[in-house]
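This report concerns only the one structure given below.
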């Protein structure tokens, strides 16, 4: 009995108890950590699946839009433009058809512009700056346009990137024409080894920031920027609107 009361024996049991408590504590902490890690991994996996699903929806939406645009462009070119051209040729045979001929020519020109906007030709063979110039040429009659480019890289953007940039610029110009009452447009293009930067500024009346993208039909632009994993910022005021876009090559 006296042996249990010896200091050495008591110390030994204290050490054993301390080690046991330490092992138990470590086991509990490890168990909690493992469970927490599993929960975090599960949440991250669910978030990633959600992001993948959203991105797939965006991609599908953009693809469907392009297919529909191409279909409409083909119908417009093969049907409407052909009929208007035939009608114009017929009217040219008459001396009193000058006014109707002018209207028809304007209709044909506008139909060609719409067809071109819907399905831009030969993007894969064009430089990005030429693509932008080609877009702007269709709007020369609506705005005074200034174009600045700075090409610091020979890296060629993909056809998909050029197509989506085309759509974004077209949408911006259309919105500016419909809503901004602008007379002048400045567009800047900068290409580096890593990024493509586009700036579009107008001298219009601007828009209410509270309306956001939906108010002016800019949701498609936002969708395309997300599809390209790009970033953008729009700032509007009494002196006009500035839109800035950055895309990775």
Taking residue 4, is it part of a helix (DSSP H, G or I) and modelled with pLDDT under 70?
-> no
Set 198, 244: member being modelled with pLDDT of 95 or more, within 15 Å of residue 162 (Cα to Cα) and in the same structural domain as residue 144 (by TED's automatic domain parsing) | 198
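Conditions tested, residue by residue: (1) free of Cβ contacts under 8 Å to residues at least 24 places away in the same chain; (2) farther than 22 Å from residue 230 by Cα; (3) surrounded by 17 or more Cβ atoms within 10 Å (Cβ to Cβ); (4) touching a helix residue (DSSP H, G or I) at 6+ places or on another chain (Cβ under 6 Å).
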residue: 137; (1), (2), (3), (4): yes, yes, no, no
residue: 149; (1), (2), (3), (4): no, no, no, yes
residue: 154; (1), (2), (3), (4): yes, no, no, no
residue: 159; (1), (2), (3), (4): no, no, no, yes
residue: 168; (1), (2), (3), (4): no, no, yes, yes
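The values are calculated or read from the model by the stated rules, or taken from the named source; none is laboratory data. Since this is a predicted model, take the numbers as computed values, not measurements. We place every Cβ from the backbone using ideal geometry, glycine too, and count neighbours over all the protein chains shown.
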